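The values are calculated or read from the model by the stated rules, or taken from the named source; none is laboratory data. No experiment lies behind these values; they were computed from the predicted model shown. Accessible surface areas use protein heavy atoms only, side chains included; no ligands, DNA or RNA. Shrake-Rupley method; radii C 1.70, N 1.55, O 1.52, S 1.80 Å.
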Amino acid sequence: MSKRIIIILSLLLLLITLLILSSSNNNSDVIEGRIIDFEQTSITTFSYIKIVDLEGKYWEFYTDKEFVGFFPSHLQEHLIQYEPLKIKHEIHTDGKNYIIDIWD
């Protein structure tokens with residue numbers, strides 16, 4: 001192969017990679033807000049969180065996993081201190097928002 005073809009193919013591969021990465025890093029499914037309520041199901045698990053985002057919109061997020069990033073005790077700290085957190089979520093077929101990840 002000529003040098004020119006290798007350069008063109010490399011640039012195309014780089015462009016495709018950048019397009020894939022930019023589409024997967026879409027922040028439309030990340031909400032930042034403050035906890036207003038949550039339901040603890042055990043000492044280490046919770047079933048849902050209610051938050052109000054920075055624009056005043058109310059959200060409910062559910063989990064069907066044992067651990068999604070925070071224990072209920074840490075959620076309680078955020079609730080009491082009114083500290084914001086971020087939740088990455090996806091909508092399931094039941095129409096509810098399910099937590100993928102949660103962080104400070």
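Some notes on this structure:
- The chain: relative contact order as a whole-number percent, Cα under 8 Å and 6+ apart: 24
- Relative to the longest principal axis of the Cα atoms of the chain, the long axis of helix 3-24 lies at roughly 10 degrees.
- Taking E66, E90 and ordering them by how much accessible surface each has at a 1.4 Å probe, largest first, produces E66, E90.
- A viscosity of 1.306 mPa s and a temperature of 10 °C, combined with the Kirkwood radius over Cα pairs in Stokes-Einstein, give a translational diffusion coefficient for the stretch 24-77 of 133 µm²/s.
- Taken along its principal axes, the alpha carbon cloud of the stretch 43-104 reaches lengths of 34, 31, 14 Å, longest axis first.
- Percent of C-alpha pairs per 5 Å bin, the chain, short to long: 2, 11, 19, 19, 13, 7, 6, 5, 5, 5, 4, 3, 1, 0
- I36 long-range amide H proximity, modeled H, under 5 Å: K50, I51, V52
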